[in-house]
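First up is the structure itself, then whatever we jot down about it.
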Amino acid sequence: MLAESHRQAAEDIEQTILQLQGSPSAARMVIEGAWGAAFHWIAFGCETKHQSHQESHARLGTFLRRQQELTVAEWWENMDRVRQGGWYGRSTDPATVKHALNLLERIHAWAVQ
């Protein structure tokens, strides 16, 4: 996928989860969407900043550290933990959703700066 395709995917997902935020029953989907959009923003940001990105979320934190993107690696790994708790567990309370959206906001801002 090219950088602009990752950007478009991230924007599409963000628009979708914006519509779901008011529904408590959609918390899992909002968290999962935030994770997916974050992945695409990281791919976009890495491609535009480093001319390289990873097409898989596996070991993405390690890839980011190799690019010297230490803060983004921490944000991603935090987002991945939030996703696991939301998707596979019961961590779908409003504070957790807000945390996922906050991480997405940081990653999005990094990607476009």
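For segment 13-28, which residues satisfy the criterion of being more than 13 Å from the chain's Cα centre (by Cα) and either assigned to a helix (DSSP H, G or I) or at pLDDT 95 or above (or both)? Explain how you work it out, then say what you get.
Within segment 13-28, the subset more than 13 Å from the chain's Cα centre (by Cα) is 15-16, 18-28.
Within segment 13-28, 15, 16, 18, 19, 20, 24, 25, 26, 27, 28 qualify.
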Restricting segment 49-79 to residues that are closer than 24 Å to residue 20 by Cβ and in contact with a Phe, Trp or Tyr (Cβ under 7 Å, 6 or more places away or on another chain), which is most open to solvent (accessible area, probe 1.4 Å)? 57
Pairs, please: C-beta under 9 Å, at least 6 apart or cross-chain, first residue farther than 13 Å from residue 111 by Cα and in segment 46-72, second outside any helix (DSSP H, G or I) and among the acidic types (Asp, Glu)? 63/69
Do the conditions hold for residue 82, that is, is it of a type in the set (Val, Ile, Thr), within 10 Å of residue 31 (Cβ to Cβ), modelled with pLDDT of 95 or more and under 15 Å from the mean Cα position of the chain (by Cα)? yes
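Condition first: open to solvent by 60 Å² or more (accessible area, probe 1.4 Å) and within 14 Å of the chain's Cα centre (by Cα). Now tell me which residues in segment 88-101 satisfy that. Walk me through how you get there before you give the answer.
Keep residues of segment 88-101 that are open to solvent by 60 Å² or more (accessible area, probe 1.4 Å), which gives 88, 90, 93-95, 98-99.
Once the filter is applied, which keeps residues that are open to solvent by 60 Å² or more (accessible area, probe 1.4 Å) and within 14 Å of the chain's Cα centre (by Cα), segment 88-101 yields 98, 99.
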Exception for residue 8 within (1) of a type in the set (S, T, N, Q); (2) touching a Lys or Arg at 6+ places or on another chain (Cβ under 7 Å); (3) closer than 17 Å to residue 107 by Cα falls at (2)
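The values are calculated or read from the model by the stated rules, or taken from the named source; none is laboratory data. Quick caveat: nothing in here was measured; it's all calculated off a predicted structure. With ideal geometry, Cβ positions are generated from the backbone for all residues, glycine too; neighbour counts draw on all protein chains shown. SASA here: full protein model, heavy atoms, side chains in, ligands and nucleic acids out. Shrake-Rupley method; radii C 1.70, N 1.55, O 1.52, S 1.80 Å.
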